[in-house]
Every structure is written in C-alpha cells, then in structure tokens.
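The values are calculated or read from the model by the stated rules, or taken from the named source; none is laboratory data. A quick note: this is a predicted structure, and the numbers were derived from the prediction, not measured. Glycine gets a Cβ as well: all are built from the backbone with ideal geometry, and neighbour counts include every protein chain shown.
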Amino acid sequence: MANSYKVCFIGGARYNQPLDATSAKKFQRLIALGEIFVIGFSRNARPRRFTEYAHFYLLPQWPWPVLRYFTMFTAGTLLALWVILRHRVTIIVTQSPYEGFVGALVKKIARLFGRRVALVVENHGDFEVSPFLQRKVRFPGLYRLVMNRVAGFALRLADALRAISRPTREQLQRWAGNKSLVTFVAWTDLEVFLQAGEEKRYNDPPMVVYTGVFIPLKGVHFLIDAFAMLYREFPNVYLTLIGKEENVEYAEFLKRRVRELELEKQVKFLSFMSQRDLAKHMAQACVLVLPSLSEGLGRVVFEAMACGTPVIGSRVDGIPEMIEDGVTGFLVPPGDVKALAERLRWVLEHPVEAREMGQRAREFAQRFFSPEGYVRSYAKLFEIASHAVEG
C-alpha cells in the first residue's frame, strides 16, 4: 500500500455533515491509500460541499427517483469531470453499473483533455432485477432496455470490477467477461455491534427484528404474514420493524396489512436510528429476519451476528455465504411464508438453543470482516486499475 492514489467515488449513497460515526471510520481508513473525493447525495434538497477525511460533493436529494437519476447523470458528470481536471484524480470508482455510466462518460471526455483515468465499476446487488423490486416501474420494457444499455456501456469501459459476493461476481463475469475483478464485502462498523453483543440483554417479552429500507424487494410483507401465523401461540412476542420509508406506498401497505391482521399491539414501526441504537435493538432480539427477494450480501446479517443474534434469511444471492443453515441461523426460500413461520416457531420454542446459535454467529462475524482487510482489498483494486490504464 505504498502508492498514494487520487480517487473519486461516485454513487447514490447519502451523507450527513458531519459524517455519521460509521462513514467517518470508513473514510478515515481509506485516506491511508491517498486523497479521496466523493460525489453522492445529501440527505435533503440542499447540496453540500465539505471535507471530513475525504472531500464530499453532495447533490440535492430529491424525493423522486427520476430526478435523482437526472441529477446524477448531469450535475454528477460535470462534478466528476471538474474533480479530475482540477485535482488530477486518476481513478473513478462507481457504486453500480448505472453510476458507472457517469464514470465511463467522464473517462471518455477526460481523454479529450489529455487525462487518462481508470474506471472501477462495483456491483452491490442484482442490478438487472433489483430496480423492479424496489418500486413500481412504468414502461418496464423500455426501462429495462435503457438501463441495460447504460450498464453495458459502463462495463465495456471499466478497467477493473468489484463484487461483494459470489452472485454479484458471477453477474459481472457474465456481463464483462474476463476483466480483472476483486471480491470483498461492504464496509461495516462492527465495533458498535460487537460491543452490544458483549452487553447483550435479551428482551422480555421476546422480540423479533427486521431492519432495512421499506421496499418490496425486502419482502417485509412476508415477515408480517409469517408473524401473524404465530402470535396467537406466542401472544407475548412482538415484532419490531426498523427502517426508512424509501417507498412510501409500500410502507403504507405494510401498516395497512398490520391493521388488517389486528397486530397493532404486536408490531412496532421504528424509523431510521443511529448505529448504536440499532445495535442495542439487534442485541435485545431473539432473532433478526431478512426476508429479501434479492440481496447483494445483506450487511445487517453479520451486524446482527456480531451482536450474538441468530438470523433467518432468504436463500438468495449472497445471504447463504453468511448463514450456515441450522448452525448460525436459518435459510428459507424467498417468499415462503410457511417456512419462515416454522423457523420463527423453532426460535421461540428453543430459546436456549437459539442463544447458542447466536454465539456461533458472533464468532463467525468476528472472522468475516476486518477494516484492515477492507483497505487492503481496495489497495489491490486501485493497483489493478492503475496498471490497466498505464498499460
């Protein structure tokens, strides 16, 4: 890691000023590799520019996805080109093949100014399917055609690729052939979750937890239906759903479903919270459930595991890479409400065995991610990308 790089990250991530503790730790680590620039979104309609370890250029966070795409493809492109020309950035890292279009376009324009820039395209989820599972898409055939063209353009011009799991790696290989590819998981601030695990106090009455955004892709409605099959057997158990209402229509559907099933006293909706508070909820839970229909890896899985909490997850994408069925948690077919209910019943009927499962999950989480390994992996990725351009 002797090289000092100038890198611009481009993506849809949202940041606060000042940074939250998790993001601050991430960029504090990454600046060991060089000077870092970030083009992303603020958490409201106000654009921001500030420096906290990295240099942040944040676009306004509009409530409509089409406007966010437009802003990224226009203002994001101009910002990235300015950063390259003004600060002599030599590597662009994009969060997905869709943001990769901006990186690829900027790479071509920068060449006209005599600047050679390496492009790294990352894949954090099933980019072919997930947009259609997040919200209702008008004219899906046209949308798919356009987005596939956008992704294809980015991947053709990419100098190196990054995946976060086996399925995301295989998808990139299918699209981009034999281009250099490095696989490593997303940044996770495990410290706060491990500490919560050390102070673990199981909630009484028992609590089942889901955490993540409220979008159809996450399959939260399957969890509510599965919980409804059990609450008469376990009237003292309750379900806590933690997340941001990314899709307002879907969030309202979930709340309406809870009312229809007469579960208002057993189901609580909680909004976005700090990592420390989230870790406390995870540590108090008897189980965390991630019933996704598609999931690049599912970072909340090993966050919960670090708390000593077993996880029930869908057998999709990268989730089986983290959960050993029957050992550190359970895997169920996506959308199978009955199977999910059966696994929840086992956890509730076998609290001692479930806690032993949670301890094994905690041991796995401690091996699964390390900040040092994360930085080394990016150093390797940057080296590959730089050599591709120099060659």
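Being part of a strand (DSSP E or B), in contact (Cβ under 8 Å) with a residue 12 or more places away in the chain and under 18 Å from residue 363 (Cβ atoms) is the filter here; which residues of the stretch 314-332 pass it? Scanning the stretch 314-332 gives 329, 330. Restricting attention to the stretch 303-342, the residues being of a type outside the set (A, V, I, L, M) and buried (at least 22 other Cβ atoms within 10 Å of the Cβ) number 12. The number of residues in the stretch 108-140 that are more than 24 Å from residue 316 (Cα to Cα) and of a type outside the set (D, E, K, R) comes to 10. Just wondering, is there one or more residues in the stretch 290-302 that are under 20 Å from the mean Cα position of the chain (by Cα), surrounded by 22 or more Cβ atoms within 10 Å (Cβ to Cβ), in a helix (DSSP H, G or I) and without any contact (Cβ under 8 Å) to a residue 40 or more places away in the chain? There is at least one residue in the stretch 290-302 that is under 20 Å from the mean Cα position of the chain (by Cα), surrounded by 22 or more Cβ atoms within 10 Å (Cβ to Cβ), in a helix (DSSP H, G or I) and without any contact (Cβ under 8 Å) to a residue 40 or more places away in the chain. Screening residue 182 against (1) under 28 Å from residue 308 (Cβ atoms); (2) outside any helix (DSSP H, G or I) leaves a single unmet condition, (1). Taken together, the residues in the stretch 155-191 that are small (Gly, Ala, Ser), surrounded by fewer than 21 Cβ atoms within 10 Å (Cβ to Cβ) and within 26 Å of residue 24 (Cα to Cα) amount to 1.
Considered as a group, the residues in the stretch 63-99 that are hydrophobic (A, V, I, L, M, F, W, C) and touching an Asp or Glu at 6+ places or on another chain (Cβ under 7 Å) include one that is farthest from residue 14 (Cα to Cα), and that residue is 93. Selection of the stretch 69-109 for residues being touching a residue at least 40 places away in the same chain (Cβ under 8 Å), of a type in the set (Ser, Thr, Tyr) and more than 22 Å from residue 3 (Cβ to Cβ) yields 96, 98. When residue 350 is tested against (1) touching a strand residue (DSSP E or B) at 6+ places or on another chain (Cβ under 9 Å); (2) at pLDDT 95 or above, exactly one condition is not met: (1).
Go through the stretch 236-281 and give me each residue that's touching a residue at least 60 places away in the same chain (Cβ under 8 Å), among the charged types (D, E, K, R) and either part of a helix (DSSP H, G or I) or in the same structural domain as residue 15 (by TED's automatic domain parsing) (or both). Hits for the stretch 236-281 are 249, 276, 280. One residue alone among 9, 41, 73 is modelled with pLDDT under 95 and either under 29 Å from residue 147 (Cα atoms) or in contact with a His (Cβ under 9 Å, 6 or more places away or on another chain) (or both), and that residue is 73. Set side by side, the residues 360, 355, 367 differ, and just one is in contact with a Cys (Cβ under 9 Å, 6 or more places away or on another chain) and surrounded by fewer than 24 Cβ atoms within 10 Å (Cβ to Cβ), which is 355. Would you confirm whether or not the stretch 193-201 contains a residue that is under 30 Å from residue 111 (Cβ atoms) and modelled with pLDDT of 90 or more? No - not one qualifying residue is present in the stretch 193-201. Taking the listed residues 89, 120, 83, the one that is in a helix (DSSP H, G or I), at pLDDT 95 or above, buried (at least 17 other Cβ atoms within 10 Å of the Cβ) and not assigned by TED's automatic domain parsing to the domain that holds residue 248 is 83, with no other qualifying. Within the stretch 370-391, the set of residues being under 23 Å from the mean Cα position of the chain (by Cα) and either surrounded by 16 or more Cβ atoms within 10 Å (Cβ to Cβ) or assigned to a helix (DSSP H, G or I) (or both) comprises 371, 372, 373, 374, 375, 376, 377, 378, 379, 380, 381, 382.
Considering only residues in the stretch 185-207 that are part of a loop (DSSP other than H, G, I, E, B) and not charged (D, E, K, R), the one that is farthest from residue 369 (Cα to Cα) turns out to be 205. Quick one: in the stretch 43-60, of everything that is under 21 Å from the mean Cα position of the chain (by Cα) and surrounded by fewer than 19 Cβ atoms within 10 Å (Cβ to Cβ), which residue is farthest from residue 272 (Cα to Cα)? Checking each candidate, the answer is 60. Is there a residue being under 20 Å from residue 319 (Cβ atoms), crowded, with 16+ Cβ neighbours inside 10 Å and modelled with pLDDT under 95 anywhere in the stretch 222-244? Within the stretch 222-244 (the criterion being under 20 Å from residue 319 (Cβ atoms), crowded, with 16+ Cβ neighbours inside 10 Å and modelled with pLDDT under 95), the answer is yes, since at least one residue qualifies. Each residue in the stretch 123-156 was checked for being in contact with a Leu (Cβ under 7 Å, 6 or more places away or on another chain) and either modelled with pLDDT of 90 or more or assigned to a strand (DSSP E or B) (or both), and 1 pass.
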